[in-house]
Each structure stands twice: as C-alpha cells, then as structure tokens.
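One structure is given here, and the rest of the page talks about it.
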Number of protein chains: 2
Amino acid sequence: MKVPALDRTSPVPLYFQVAGRLEQLIESGQLPVGGRLENEVELADRLGVSRPTMRRAIQYLVERGMLVRKRGIGTQIVHPKVRRPVELSSLYDDLAKSGKQPTTRIRHLDVRPAPDHVAEALGVPEGTEVTWFERIRFATGEPLALMHNAVPVDVLPLRRDDLEARGLYELLRAAGYVPRMADQVVGARAATAAEARLLGDTRGAPVLTMTRTAWDAGGRAVEYGSHIYRASRYSFALTLSS
Amino acid sequence: MKVPALDRTSPVPLYFQVAGRLEQLIESGQLPVGGRLENEVELADRLGVSRPTMRRAIQYLVERGMLVRKRGIGTQIVHPKVRRPVELSSLYDDLAKSGKQPTTRIRHLDVRPAPDHVAEALGVPEGTEVTWFERIRFATGEPLALMHNAVPVDVLPLRRDDLEARGLYELLRAAGYVPRMADQVVGARAATAAEARLLGDTRGAPVLTMTRTAWDAGGRAVEYGSHIYRASRYSFALTLSS
DNA sequence: CAGTGGTCTAGACCACAGG
DNA sequence: CTGTGGTCTAGACCACTGG
C-alpha cells in the first residue's frame, strides 16, 4: 500500500499526517499487530519531524486504542483497527447507515411550556417553551420505535416536514447545535396496550426504554428524549473505554 | 477556598497540578461558569510555567468537558463539575457504591473449552479453556440479575469463594487485568419460565439483556458476559461524549 | 488591526524497565 | 548500565476571530 509523504504546505497538521501514516502502515500489516514500534526519537528522525510532533501523533493513536505505551518498554501495536468510542447519533442516522430505509411518522407536534421533569432534565427554568413532538420510526416499513422529544424553541424551531425527511440530530447539527455530550438511561418494561398497537406488537411485549438529554460543546441543552423500542427488533451496541 | 501552590519537587506532573488548581478555582466559584479564562500566555506567566505546560493543563480540562476553547475567541468555562465518561465497572461495584449490599450466589462453576460464540467474542481459538460460571446477584436481599460469564483460565483462575465475596471486575483488577475497553450490546426480551423463577419474577416479565466482551490495556480479552436484569429493578445510566 | 488559540521546533532532564 | 517514554522549557510562526 502506498503511503503519502508528509506535506508541509498542507493545512492538515503535521502530527495528524504522521498519525495517518502510522495508521496505514499498521492496517496494511507492514507494522505487525503485537509488534513494537521504533522508539520515538528515531521515528521522528526518520520522518523528519521533531520529537514533540512525533509524540503527539503517537498519543493520538494511543487515545484511539491502536497503540499502548509503557515507560522503559516501548510502544506496542495492540489493534489493527481503531475502536471508536460510543457514538452519539440518532436512531435515524444509525438506520440510514445500515441501509434500513428509515421513515418517520409525526403523530403530534406543538410548542408548549416544558413540563417539570423535562425542564429539570434540560436544566432550563420551568415553563421554558419547547417544541414537543411524538414520532413513530419505521425501518423498511416495520414500526421500530415510538419517540417523544422536547427541543427548546430558542435552540431551533422545528417543523413537521423537516422531521419527516431527516433525523433530529441531523437537523440539530445543521443548525450548529452539535450534540457532544449526553446522559442516557436505558431500561426495559412491558408495552402498554396503546404502545403495542402503535408498534404493531402485542400488549405486554417487552420494549427497550431510553431517555436522553443531550448538550452541545458549549454546555447548552439541545434535546430531551423519551423513547421506546421494540425489543424484538432493536438493541443498543456500545463500545466503552476508560 | 485555599488553593495549594505548585510544588516543583513533587512527582505529580506540573501540568496536572495546574489543572487541579484551575479546577478548584472553578468549582469554588472564583472563576464563574460561563466566564472566560485569561489567555494562556498570561496564565502561564502568572503561574510561572511555560506555555506548553499551561496548554496541557487546559487541554486536560477541555477533554473532561469543563472548558471549551475557540481559536480567536478564548477559553470559556462551561461546567462547574467534570462529567465523567462511561464507567467501565461491574454491577457489584455499582451496587456497593450506592449502598445496596450486593450478595452473590454461584449456581454453577466449571472449567471448559469455550463454546464457539464465546471464543469468537473473546477472540481466542476455539476450544480455549475458560472458567464458565453462572451467578445470581442480589441487592438488599432481592434477586436482581442472572449472570453468565467466561474468563480464560490463563487470565485468571477463579474460585467460588472469591466470586461470592467480591465482584468479578474487582478480582480482575487485583490480578492486574484492568478492563479498559468493552463492547456491549444492550437489549430486552421476555423472561423464560426458568429465568423468571430464579429472579422471583413472573414468566414473560420484561428483562434487560446485556452481553459484553472486555479487554485490558494490552488488548487481551479478559471477560465475556451474558446477563439478564429484572427490568423492574434495574436500568443502565450512561454519560456519552464525543 | 490586535488578540486569541493551534502548531512546531530543538533541546534538556527525569523516571522507569530490563539486563 | 542502557534504552525507553514522560515532562518541561523558550521561542517561533500561523490561522482564526472580532472590531
């Protein structure tokens, strides 16, 4: 595999170019998994960058779980592929990515003062106006989830058409409110009769529940959601790291 | 609040001392949330450290969600408290921390070749020997979870007594296999009659399911688990960040 | 324009692991 | 002891923001 040389005129930071180069060498097998990297001084020399820059590149891959460093020992390759941390995406994005043709039906949408528990979750004063809406999400025609959301109106005005055509997170991102942090609680319970009817399931069928509050980089609460998913058709996959 | 001065003879890195100092100033309210920090050059001067060291301290707090930086703008305080990323802990630890008096009953324990799906999850050759065990976890006397685990024998030999007195993760940590990364899948289903009996629940009651594979820092698979939790008594709380 | 954070360098010393 | 990564410095230049 061809590895591009470093380009010092590029706006891409040097350390990032170096990291990408290492990543390619590892993924292509030229640097074997389980093997050791040269020491950072020699690597820096070989690539013609300073040691701090080399360290930054290595550190970047360490944070992504590809390398492990030990003082006095060296740097070892532990994974050929990067493990991604938990994704902060919406169901819509997930389905679209896996080719499941998501569609959405808006059952309700209005602007109202935030109920107490929602205001508390969002960390806004009671009575703050939010857009409140209820959606059913389908995947390849099958009902999958029943979703309730609140988005403060001063974050983003939302319209039915937008929500039917695109995912909430996509709309938030487009408006500059990039979700960066979220508290989630995942549980399970039996579906009520009404929920079962909407989801095309039987009463008492197990459903996954998820409530989430999401904030952007500036710490501004952008979304509160309380959703249920058909347990027979959905589960959450997470990669955790500490 | 008194803030300790920097100690250049301490083995604690300077940048970490600086970060702790900033953290205290913010938590004590001397630096107001929403306010801006001085620029990094002046801060470095004021504390008598170099700019790179100051940057590293600030970066540390940025990664923990306490500060937000924007080029050309400055550094803003967005959270008084640090948000922790997802915890990688066992149910036992969680219960113990919240004062729920966890107890464990070992229903079964043996050493056997890993079943195919377990070997695949652990990424070890088929037939690798694992300790396989089934536990019921109680909280304040009530059954809470039914847990199945596999731990490769060459990672750690496990005995009933140990597992009854302590959590699996505590045992792994004590043996030097610190779980650092995990893939989890969380779902839900209805309990079988046998499961319901063991959990003191009724047949068909909703249960949370969780399967997990955990690795240590060196990329070595240390644990595979397949658990069910009574939905009426347990849910997962997560803080995600990207 | 002035002020901010982002990148990069060359070199120094230290702490830890292993033979 | 040698070799490794970990920390720290002083200074340079660049890129972006806002007035």
**Message:** Using a Förster radius of 35 Å, what is the FRET efficiency between B:Arg51 and A:Glu120 based on their Cβ-Cβ separation? Nearest 0.05, please.
**Reply:** 0.25
**Prompt:** Looking only at region B:126-150, which residues have a backbone nitrogen under 16 Å from a spot 7 Å from the Cα of B:Val111 in the C-beta direction?
**Reply:** B:127-133, B:150
**Request:** Mind running the shape call on the protein assembly as shown? Use the C-alpha gyration tensor, a ≥ b ≥ c as the square roots of the eigenvalues: rounded below 1.5 for a/c, prolate if a/b tops b/c, oblate otherwise.
**Result:** oblate
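Return the calculated 222 nm mean residue ellipticity for chain B, to the nearest 500 deg cm²/dmol, obtained by summing -39500 (n - 2.57) across DSSP H runs with n ≥ 4 and dividing by the residue count. List each step's numbers first, then the result.
Values: 8 runs with 69 residues, N = 242.
Per the formula, -8000 deg cm²/dmol.
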**Request:** Enter the accessible area of B:Asp116 (Å², nearest 10), with the probe set to 1.4 Å and all protein chains included.
**Result:** 100
**Asked** So what is Rg over Rh here for chain A, counting just Cα atoms and using Kirkwood for Rh?
**Response** 1.10
**Item:** Area of A:Glu164 that stays accessible when all protein chains are in place (1.4 Å probe, Å², to 10)
**Value:** 80
**Asked** So how tilted is helix A:14-27 from the main axis of chain A? Cα-based, degrees 0 to 90, rounded to 10.
**Response** 90
**Item:** Per residue, the convex hull volume that the Cα atoms of region B:91-230 enclose (Å³)
**Value:** 107
**Item:** Accessible area buried at the B-A interface, both sides summed, 1.4 Å probe (Å², nearest 100)
**Value:** 3200
**Asked** Against the longest principal axis of chain B, how steep is helix B:51-63, in degrees 0 to 90 to the nearest 10, with axes from Cα atoms?
**Response** 40
**Prompt:** Given a Förster radius of 45 Å and the C-beta distance between B:Ile73 and B:Gln101 as r, what FRET efficiency does 1/(1 + (r/R0)^6) yield to the nearest 0.05?
**Reply:** 0.35
**Complete:** The local net charge around B:Thr103, scoring Lys/Arg +1 and Asp/Glu -1 for residues other than B:Thr103 whose Cβ lies under 11 Å from its Cβ, equals +2
**Asked** Most fluctuating residue of A:Thr104, A:Thr140, A:Thr213 in a GNM of chain A with Cα springs under 10 Å: which is it?
**Response** A:Thr140
**Fill in**
In Å², rounded to a whole number, the accessible area per residue of region A:1-78 with probe 1.4 Å is 61
**Accessible surface of B:Glu223 - all protein chains present, 1.4 Å probe, nearest 10 Å²** = 0
**Complete:** Once both label points are put 7 Å beyond Cα along the C-beta direction, the B:Asp162-B:Leu25 separation in nm becomes 4.7
**Prompt:** If you average the sequence gap of Cα pairs under 8 Å that are 6 or more apart and divide by the length of region A:14-77, what percent do you get for the contact order?
**Reply:** 40
**Request:** Please arrange A:Val111, B:Val49 by accessible surface area, largest first, computed with a 1.4 Å probe and ligands excluded.
**Result:** A:Val111, B:Val49
**Asked** With a ≥ b ≥ c the root eigenvalues of the C-alpha gyration tensor of region B:196-242, is it rounded (a/c under 1.5), prolate (a/b larger than b/c) or oblate?
**Response** oblate
**Request:** Take chain A, connect every pair of alpha-carbon atoms lying under 10 Å apart with a spring to form a Gaussian network, then pick out the residue of A:Pro206, A:Pro80, A:Pro179 with the largest mean-square fluctuation.
**Result:** A:Pro80
**Request:** Heavy atoms only, probe 1.4 angstrom, no DNA, RNA or ligands counted: give me B:Met181, B:Met54 ranked by accessible area, highest first.
**Result:** B:Met181, B:Met54
**Request:** Just reorder A:Thr75, A:Thr53 by solvent-accessible area, largest first, 1.4 Å probe, all chains present.
**Result:** A:Thr53, A:Thr75
**Prompt:** How would you classify region A:14-77 from its alpha-carbon gyration tensor, with a ≥ b ≥ c the square roots of the eigenvalues: rounded for a/c under 1.5, else prolate if a/b is greater than b/c, otherwise oblate?
**Reply:** rounded
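The values are calculated or read from the model by the stated rules, or taken from the named source; none is laboratory data. These numbers were taken from a predicted model, which means no experiment stands behind them. Cβ atoms come from the backbone with ideal geometry, glycine included; neighbour counts cover every protein chain shown. Ligands, DNA and RNA are stripped out before the accessible areas are found, and what is left, the full protein with its side chains, is counted by its heavy atoms. Shrake-Rupley method; radii C 1.70, N 1.55, O 1.52, S 1.80 Å.
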